[in-house]
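The values are calculated or read from the model by the stated rules, or taken from the named source; none is laboratory data. In this text, all values refer to a predicted model and were calculated from it rather than measured experimentally. Every residue, glycine among them, receives a Cβ derived from its backbone with ideal geometry; neighbour counts consider all protein chains shown.
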Amino acid sequence: MHFLSMVAPLVVNFDQDFETEEVLNFAIGAFSLVLLALSLSAYRRTHLNRLLLVSAAFGLFAVEVVVAQLDFFVVPLSENAEGVITALLDFVILLLFFFAVVRGNQGKTGEP
């Protein structure tokens, strides 16, 4: 059996009506939820406050994926509204990651 004949069914045709973007967004959203669960679990073990910021960022990332997919499943949003919402969420996510990095290893008491 030829190698390409085994791999060919696994290749995604990006030109067909099948929405590859939707599948990728679902995978990104699921992965962000897994990272949210892992960061919350790490917070429960270490009680480092910066992990709460990281958890919030991963949670907002999952929310952003949901907002991007709303027009397919629930309520169609205008492109402008969706663009503003996702840009705002991106900005907040970046701020949360920035503050998580800048805070250092502070725990519950605020001591380094």
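Below are the figures for this structure:
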{"read-out": "Residue match in region 59-74 (condition: among the small types (Gly, Ala, Ser) and either at pLDDT 95 or above or in contact with a Leu (Cβ under 7 Å, 6 or more places away or on another chain) (or both))", "value": "yes"}
{"read-out": "Number of the exception - residue 104 against (1) modelled with pLDDT under 80; (2) among the small types (Gly, Ala, Ser); (3) within 25 Å of residue 19 (Cα to Cα)", "value": "(3)"}
{"read-out": "Sole residue being surrounded by 13 or more Cβ atoms within 10 Å (Cβ to Cβ), assigned to a loop (DSSP other than H, G, I, E, B) and more than 15 Å from the chain's Cα centre (by Cα), chosen from 70, 77", "value": "77"}
{"read-out": "Residue that is farthest from residue 100 (Cα to Cα), among those in region 40-54 that are touching a residue at least 12 places away in the same chain (Cβ under 8 Å) and of a type in the set (S, T, N, Q)", "value": "46"}
